[in-house]
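Let me begin by presenting the structure, written as structure tokens, before commenting on it.
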Amino acid sequence: MYRYARINMSTGNVRVFDLPRERWMLGGRGLISQVLYTEMNPGADPLSPGNVLVLASGMFAGCPLSCFDEVFLGAKSASTGQMQILRFMSRASRIMASMNMRLAIIEGRPSTEKQYVLVMDRGRVELQPVSELLPGSYEELGSYALNEGLHRHFGGNACIMSWGHAAAVGSPEASLLVSGSSDNILKNIPGLGLSAVMAAKGLRAIVLRGGAPLSPQKTAGGRADSICRDTACLLRCARVHNDLEQTPYGQVSLCRACMESTQPPCLERVCADLGLSPDGLSPEFGDLSLSDEDALRRRLMERCRQRTASANAVFPGEDAAFEQAGAAFDSMGLCRNALPPEEQERTLTLMADLARAVYGGEWSRDSLLRMGAETISRERAFNDWAGLQPAENE
């Protein structure tokens, strides 16, 4: 069902394989950590052919929930000398899902100074020389100009990751320019040593282009879609606390739409949290009505501040479990920052339900935490090994 691409920059060879089933239930940070831990020598110099660069989507990429739109890039960092995994929001994850492509593994380095673009287009994966895509003095182009030129060639809907001059000279502070987020906004994100790794591999840019995403949950009937709707409602409720100044009760009206369901997933919860009820305001708001917008805004802001001040972490006193939950969210491709701490426990339970619907088998909050623990263990083992081994240049 899922595939992955292996790209050898030394030979220019590109191959696509079926992803082993034991890796189906991995994604994002968990999948990258497993590839780097099992397929490269942690002692390799970050700028040598022995380093491995991995592009991956989350395990729920393609599911109908915008917060799953995270894509991950990982390698041994030229900045820290340890495993580094970047994550950022981009339509690239949905494009990869439309190809049933979970990851791309990029190895080796060209013997010449020639630069390439990795193109993943509607299931086709290939390396194309930059000189053929952008004739002329492309070597002198900065990342913005390069991105603009590639968009002209591939179309405005393409998702592009590229680097500029700082990476070309091996600067560990070089950033990564990413397009293909919402409204195709360009984002300049810290490269954390990975832009320099891309440059060392002769990989000037990664371009992803595809059609309508194929949703992996289709094989699960309507169950996965239902869970995604529940999660979307939960996230809308969470955003009430984040966007209160903009819409004091506008988000609640979205939750009111859940009344059309026989089992509204979030209406009761958000109304209880905000002191509202489907029929009006709860007694604690006294004589206030929904028409008293300014007074209601002040009261809701006050309540929000009180909740924020008193909120406990979902794993109070369990730093290790909290860290494991973070790794699990990263593997799922779900933006943890969209949720306040007190909502993360419920979200883990929903994600376990979603994993059962999409992949089958037994999933629970604890199994997701174990997945996060295994990810952290691989990362620490890799980094410990990297610190003990002398750097190898080849």
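Ordering G28, T112, M40 by Cα displacement along the dipole of region 1-125 toward the positive end leaves G28 in first place; charges were set at the Cβ atoms of Lys, Arg (+1) and Asp, Glu (-1).
What the Kirkwood sum gives for region 4-149 is a hydrodynamic radius of 16.2 Å, with every pair of different alpha carbons counted.
Phi angles across region 95-112 convert, under the Karplus curve 6.51 cos²θ - 1.76 cosθ + 1.60 with θ = phi - 60°, into 3J(HN,Hα) values of 5, 4, 5, 5, 9, 6, 9, 8, 7, 10, 10, 10, 10, x, 7, x, 6, 10 Hz, Gly and Pro given as x. Loop-resident GluC sites (Glu not before Pro) (DSSP state other than H, G, I, E or B) in region 103-166 with no more than 16 further Cβ atoms inside 10 Å of their Cβ: E113. Between the amide H of T80 and any residue lying 5 or more places away or on another chain, no distance stays under 5 Å, with hydrogens modeled in the peptide plane.
Remark on region 54-136: ratio of C-alpha radius of gyration to 2.2 N^0.38 Å is 1.25.
The packing ranking, built from the mean of other Cβ atoms within 10 Å per residue, places the peptides 195-202, 345-352, 14-21 in the order 195-202, 345-352, 14-21, highest first. For region 103-138, the list of trypsin sites (Lys or Arg not before Pro) that fall in a loop by DSSP and count at most 15 other C-beta atoms within 10 angstrom reads K114, R122. Listed peptides 38-46, 25-33, 161-169 appear in the order 25-33, 161-169, 38-46 once ranked by packing, highest mean of other Cβ atoms within 10 Å at the front.
When peptides 55-62, 361-368 are sorted by average Cβ neighbour count within 10 Å, with the highest value leading, the order is 55-62, 361-368. With a cut-off of 15 Å between beta carbons, the residues surrounding V71 carry a summed charge of +4, where Lys and Arg count +1 and Asp and Glu -1.
The numbers here are math on the coordinates, done by the rules we state, and not lab data. If you're wondering where the values come from, they're calculated on a predicted model, not measured in any experiment. Note: ideal-geometry Cβ built from the backbone for every residue, glycine included; neighbour counts use all protein chains shown.
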